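Q: Starting off with a structure, shown below.
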Amino acid sequence: MNVTDAVISIIDRFQSLYEWFLKIFGRIVDLFERFKEFILSLVEYVLETFDNEEDVQAFLKNYLDNEHSFI
């Protein structure tokens with residue numbers, strides 16, 4: 001085994017580690033994108049459902065009064 005084979009072997013190992021890192025990083029970014037989409041859809045739902053602050057307060061009061069039913 002000469003120097004060229006050793007260098008190629010080292011580059012191959014670093015390349016596989018780099019590909020593994022990119023795959024993990026891509027999955028993390030995908031999770032953040034999914035979380036962002038969930039939050040945006042939740043905000044959209046809240047804006048469409050409640051017209052004013054009184055509706056929100058009434059919903060929260062109803063939820064807190066009946067919390068034992070949801071558990």
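The values are calculated or read from the model by the stated rules, or taken from the named source; none is laboratory data. Since we're looking at a predicted model, the values are computed, not measured. Cβ: placed from backbone, ideal geometry, glycine included. Neighbour counts: every protein chain shown. For the accessible areas, the whole protein counts, side chains as well, though only heavy atoms, and no ligand, DNA or RNA atoms are used. Shrake-Rupley method; radii C 1.70, N 1.55, O 1.52, S 1.80 Å.
Q: Which of the residues spanning the range 4-48 are open to solvent by less than 80 Å² (accessible area, probe 1.4 Å), closer than 30 Å to PHE59 by Cα and either more than 22 Å from the chain's Cα centre (by Cα) or among the hydroxyl-bearing types (Ser, Thr, Tyr) (or both)?
A: Answer for the range 4-48, where residues must be open to solvent by less than 80 Å² (accessible area, probe 1.4 Å), closer than 30 Å to PHE59 by Cα and either more than 22 Å from the chain's Cα centre (by Cα) or among the hydroxyl-bearing types (Ser, Thr, Tyr) (or both): just SER41.
Q: Would the range 51-67 turn up any residue that is under 26 Å from the mean Cα position of the chain (by Cα) and either in a helix (DSSP H, G or I) or surrounded by 10 or more Cβ atoms within 10 Å (Cβ to Cβ) (or both)?
A: Within the range 51-67, the subset under 26 Å from the mean Cα position of the chain (by Cα) is none.
No: the range 51-67 contains no residue that is under 26 Å from the mean Cα position of the chain (by Cα) and either in a helix (DSSP H, G or I) or surrounded by 10 or more Cβ atoms within 10 Å (Cβ to Cβ) (or both).
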